[in-house]
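Below: one structure, written as structure tokens.
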Amino acid sequence: MSNKFFRFKQFTVWHDRCAMKVGTDGVLLGAWCPVHRTPYTIHYLDIGTGSGLIALMLAQRCPEANIDAIDIDADAVLQAQANFEASPWKERLHVHLAPLQEWNGTYDLIVSNPPYFNDSLKNPDRQRQTARHTDSLGYGELVHHAARLLAPDGMLALILPAEAEETIIAQAAAEGLFPTRLTQVCSKPGKPAKRILAAFAKNCSGVCERTTFCIESATSPRSEEYSRLTQDFYL
């Protein structure tokens with residue numbers, strides 16, 4: 001991976017102006033989150049888009065989706081705009097400089113790789129601090145506004161620290177959102193989970209699919225399951 005860009009099979013993500021570079025968390029969420037199979041136009045929202053990575057992955061996965069991407073960092077918005085314009089799906093990708101709290105619309109899928117360091121020492125780089133800390137968008141506020149923006153049969157998909165699982169489930173339930181799919185992500189076999197991939201819906205049967213996933217195998221930096229999940233993206 002270059003410190004300026006990351007090349008995927010169908011698009012390139014420049015990230016030299018973004019606080020957070022292309023990383024495993026974003027790739028995981030973009031490849032894992034549920035997408036729709038429909039002949040009709042549907043609407044997706046990427047909250048805190050950064051370089052636009054997840055929005056680009058969704059555009060590749062779902063040809064019927066029009067995708068809005070929002071961020072509060074002006075440099076990130078400019079970077080995402082350039083990445084969208086250079087992609088095969090520029091007509092369906094729209095980036096906006098706007099906070100979630102002031103955003104309106106109705107969406108079939110909302111995704112976010114949100115800020116998640118609540119208590120860690122803050123980075124002196126203000127741009128990176130905003131991207132990594134929950135001061136500007138806490139979990140409760142995130143699920144509150146996601147619930148406000150979701151269509152009745154819409155879904156919210158997130159990647160979070162594993163230790164936030166109980167918190168996010170409780171806060172989502174308070175907003176009428178319930179887990180339909182939870183995947184604990186481990187770095188290696190035998191290691192504790194470090195991330196949780198979580199999908200929530202308003203209309204939920206009460207059944208939640210729970211799985212565990214390893215990024216690496218005992219012998220390779222990419223496990224077979226991680227390779228299968230990301231095979232449409234990585235070169």
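Numerical summary
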quantity	calculated
Unique match (being open to solvent by 20 Å² or more (accessible area, probe 1.4 Å), over 16 Å from the mean Cα position of the chain (by Cα) and touching a residue at least 12 places away in the same chain (Cβ under 8 Å)) among GLN10, GLN79	GLN10
Qualifying residue in segment 52-69 (condition: part of a loop (DSSP other than H, G, I, E, B) and in contact with a His (Cβ under 8 Å, 6 or more places away or on another chain))	yes
Flag for ILE72 being aliphatic (A, V, I, L, M) and in contact with a Pro (Cβ under 9 Å, 6 or more places away or on another chain)	yes
Selected residue (criterion: most open to solvent (accessible area, probe 1.4 Å)) from residues of segment 13-49 that are part of a strand (DSSP E or B) and over 15 Å from VAL77 (Cβ atoms)	HIS43
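The values are calculated or read from the model by the stated rules, or taken from the named source; none is laboratory data. Since the structure is predicted, the reported quantities are computational estimates derived from the model, not experimental observations. In this analysis, Cβ positions are derived from the backbone assuming ideal geometry, glycine residues included, and neighbour counts consider all displayed protein chains. Surface accessibility is based on the protein's heavy atoms, side chains included, excluding ligands, DNA and RNA. Shrake-Rupley method; radii C 1.70, N 1.55, O 1.52, S 1.80 Å.
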